[in-house]
Each structure stands twice: as C-alpha cells, then as structure tokens.
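Participant: Okay, handing you the structure first.
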Amino acid sequence: MNNIENKDNHGFPIRTVSTLTGVNAITLRAWERRYGLIQPLRTEKGHRLYSQQHIDLINHVVELLNKGIAISQVKEHLDHSDAQVAPNDLWRDYQQRMINAIVRFDDQALDNIYNDALALHPVELVTQQLIFPLLKSLGERWASEQGSVAEEHFFGCYLRNKLGARFHHEASRARGPLVLAACLPGEHHETGLLLVCLSIMARGYRVVLLGANTPLSQLVIPSQYTQAKAILLSGSITPEVGVLEQALPDLVAQCDIPVFIGGNSALFHHDAIQQAGAIPLGTDIGHALSQLDITLQ
C-alpha cells in the first residue's frame with residue numbers, strides 16, 4: 001500500500017509496524033508496558049524498532065483477540081501454546097459498562113470505557129466487537145421500550161463528537177492512497193461510515209469524507225480533483241429507485257476507479273451491486289480492509 005522501508009535493515013519503526021498490522025502505536029506501547037507482550041529493539045536514541053518476528057507476533061496477538069481472548073490472557077496463551085484458553089465475556093462486559101454509563105447520561109464514564117478499549121485493542125476490533133453490537137442493543141432497547149430515545153440520542157451525539165475528533169487527528173497523520181467516502185443517497189446515518197473510515201485511516205489511507213445522503217452524480221468531480229484511488233460508499237437501507245440500476249453504473253463508468261459499497265445495503269443487494277460494476281463489502285470491517293488492500297496494492 002505505502003512505500004514501507006526497513007530502517008537501516010535493522011528493524012521497522014513503530015509507525016510502519018502500525019501500518020502493516022493495523023494496530024496503532026498507542027496500543028502497541030500499551031501491550032509492551034502493561035502486559036509485556038512485545039519487546040522491541042531500541043536505537044541509540046531510544047526509538048523502538050520491530051523485527052519481522054515482532055510483526056508476526058503482533059499479528060498472532062490480533063488473531064487471539066479476534067477469537068475473544070482477553071488481552072490480559074494473551075501472554076499466558078503465548079507462553080503455553082498448547083494451553084486451551086477459553087474466550088471470555090470481554091466485549092459483553094465492555095458493552096454492559098457502556099450501557100450503564102449511557103442510562104446515567106454519564107459521558108465521562110462512557111469516554112473512559114471507550115478509551116480503555118481503544119488503548120488495548122485495534123480500532124477495527126473495537127468497532128466490530130463493541131460499537132456495532134452496542135448500537136444494535138440500543139436500538140433494540142428503544143424498540144422494546146426498555147430504553148429511551150434520549151439514551152439513543154445521547155450516545156449518538158457522544159459518538160459523533162468522539163469520532164469526529166479522532167477523524168481529524170488521524171487525517172493529519174495518514175500518508176497513503178486517498179479514498180473518497182460517502183453515504184448512499186437516502187442514508188442519513190453516517191456513524192457506520194465514520195467508524196469504517198477510522199479503521200481505514202489506521203492502515204495509513206487518507207480519507208476525504210463527504211458524509212450522509214450524497215448523490216452519486218456529485219462524486220465524480222471530487223474524485224477527480226482529489227485524485228482518489230477508490231470510492232467507498234456506505235448504507236444500511238434499501239437504496240432509492242434508480243440508484244443501483246442507473247446512478248451506480250454511471251459512477252463506475254465515469255470515475256474509472258474501484259467503487260466499494262459496505263453496510264447492510266451491500267449484503268441485501270450484493271448481486272445488483274456487482275452487476276453495476278462496484279464491489280460489495282458487507283458489514284465485516286476486517287474483510288473490507290483486506291479487500292481494500294488487495295484492490296489498491
């Protein structure tokens with residue numbers, strides 16, 4: 001994806017390792033200091049350098065986390081590779097703690113829990129295992145009258161502010177290929193798109209975000225002006241009449257770059273999206289990131 005160099009042929013700097021593995025630098029340092037999982041080399045000035053063996057180990061840790069093993073149990077599993085460490089209720093616990101904070105309208109507690117999860121786990125894992133299920137749970141609570149519209153609005157406002165701040169922070173650091181991101185016409189909720197964009201940016205991609213309810217005909221000029229390498233669309237709804245049949249094929253033909261579509265819209269309309277010449281991604285962030293890497297490399 002990016003031009004990645006092995007510094008002085010002795011090791012990779014932490015930013016490069018973050019790009020290669022999808023684990024941000026803050027998390028890598030937390031794994032080292034709090035859990036002793038990764039012990040990088042050091043330059044004379046004290047900067048961390050990681051070998052290929054370190055990178056392989058980091059990828060193995062991510063695999064264990066994806067299986068539901070708590071970060072506090074990973075070292076035991078690594079030290080005893082034949083040990084059977086059962087997945088625990090880590091993400092369910094995080095989710096319940098966040099719901100408890102939401103029903104109290106306690107944004108400080110909510111922020112502390114979310115920051116803790118982000119400090120110890122890759123952003124796409126937190127999004128897939130915590131935030132998406134939490135959004136679903138809040139919707140179910142509201143539908144069953146266990147929760148309130150106020151709770152859902154409180155969390156929605158918190159998340160938009162949080163993600164917006166993180167988006168602008170990550171944007172100043174990204175140096176990779178540029179992706180133009182927008183919601184499908186008629187899609188007014190951009191939280192899912194923001195979450196995916198943050199995972200993409202953690203991989204080093206740059207993102208220009210156009211937000212909710214974007215007419216596909218309006219994407220051609222910004223894609224050309226920014227020299228975007230791909231367009232990412234997101235939706236959880238059934239697209240409006242004519243979007244998949246006419247507007248999407250026109251966009252694919254005019255832009256001459258890959259057009260990806262994620263979210264439930266991609267699951268429910270997989271064949272129509274492919275027939276239009278676009279690439280359906282579904283709702284799995286890990287799969288989406290892999291597809292993006294494979295297509296743009």
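The values are calculated or read from the model by the stated rules, or taken from the named source; none is laboratory data. All values derive from a computational prediction rather than experimental measurement. As a convention, Cβ positions derive from the backbone with ideal geometry for all residues, glycine included, and neighbour counts pool all protein chains shown.
Participant: Which residues, taken from region 214-260, are touching an Asp or Glu at 6+ places or on another chain (Cβ under 6 Å) and not aliphatic (A, V, I, L, M)?
Facilitator: Gly235
Participant: Now a separate question. Just give me the residues in region 209-267 being loosely packed, with under 15 Cβ neighbours inside 10 Å and among the hydroxyl-bearing types (Ser, Thr, Tyr), in sequence order.
Facilitator: Answer for region 209-267, where residues must be loosely packed, with under 15 Cβ neighbours inside 10 Å and among the hydroxyl-bearing types (Ser, Thr, Tyr): Ser217, Tyr225, Thr226, Thr238.
Participant: Taking the condition in contact with an Asp or Glu (Cβ under 8 Å, 6 or more places away or on another chain), under 27 Å from Phe154 (Cα atoms) and in contact (Cβ under 8 Å) with a residue 60 or more places away in the chain, does Ile200 pass?
Facilitator: So Ile200 fails the test.
Participant: How many residues, within region 131-150, are within 30 Å of Val207 (Cα to Cα) and touching a residue at least 12 places away in the same chain (Cβ under 8 Å)?
Facilitator: The number of residues fulfilling the criteria is 8.
Participant: For region 36-56: of the residues being more than 21 Å from the chain's Cα centre (by Cα) and surrounded by 15 or more Cβ atoms within 10 Å (Cβ to Cβ), which is farthest from Arg173 (Cα to Cα)?
Facilitator: Leu37
Participant: Checking the structure you have, find out if any residue of region 28-35 is under 28 Å from Thr295 (Cβ atoms), at pLDDT 85 or above, of a type in the set (Phe, Trp, Tyr) and under 25 Å from the mean Cα position of the chain (by Cα).
Facilitator: no
Participant: Restricting to region 106-152, name every residue that is closer than 16 Å to Arg92 by Cα, in contact with a Lys or Arg (Cβ under 9 Å, 6 or more places away or on another chain) and either β-branched (Val, Ile, Thr) or in the same structural domain as Ala30 (by TED's automatic domain parsing) (or both).
Facilitator: If the condition is that a residue be closer than 16 Å to Arg92 by Cα, in contact with a Lys or Arg (Cβ under 9 Å, 6 or more places away or on another chain) and either β-branched (Val, Ile, Thr) or in the same structural domain as Ala30 (by TED's automatic domain parsing) (or both), then Ile113 is the only one that fits.
Participant: So which residues in region 201-221 are in a helix (DSSP H, G or I) and in contact with a strand residue (DSSP E or B) (Cβ under 6 Å, 6 or more places away or on another chain)?
Facilitator: Filtering region 201-221 for residues in a helix (DSSP H, G or I) gives 201-202, 216-218, 220-221.
Within region 201-221, Met201 is the sole residue that qualifies.
Participant: Report whether or not Cys197 is within 14 Å of the chain's Cα centre (by Cα) and either part of a helix (DSSP H, G or I) or among the β-branched types (Val, Ile, Thr) (or both).
Facilitator: Judged against the criteria, Cys197 is a match.
Participant: Please find, within region 136-149, the residue that is surrounded by the fewest Cβ atoms within 10 Å (Cβ to Cβ) out of those that are part of a helix (DSSP H, G or I) and touching a Phe, Trp or Tyr at 6+ places or on another chain (Cβ under 8 Å).
Facilitator: Across region 136-149, the extreme among qualifying residues is Val149.
Residues checked against (1) out of contact with any Ser or Thr (no Cβ under 9 Å at 6 or more places or on another chain); (2) closer than 25 Å to Ala119 by Cβ:
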{"residue": "Leu184", "(1), (2)": "no, no"}
{"residue": "Glu187", "(1), (2)": "no, no"}
{"residue": "Val196", "(1), (2)": "no, yes"}
{"residue": "Leu216", "(1), (2)": "yes, no"}
{"residue": "Ser223", "(1), (2)": "yes, no"}
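Participant: If you scan region 1-19, which residues turn out to be modelled with pLDDT of 75 or more and either among the hydrophobic types (A, V, I, L, M, F, W, C) or in contact with a Phe, Trp or Tyr (Cβ under 7 Å, 6 or more places away or on another chain) (or both)?
Facilitator: Scanning region 1-19 gives Gly11, Phe12, Ile14, Val17.
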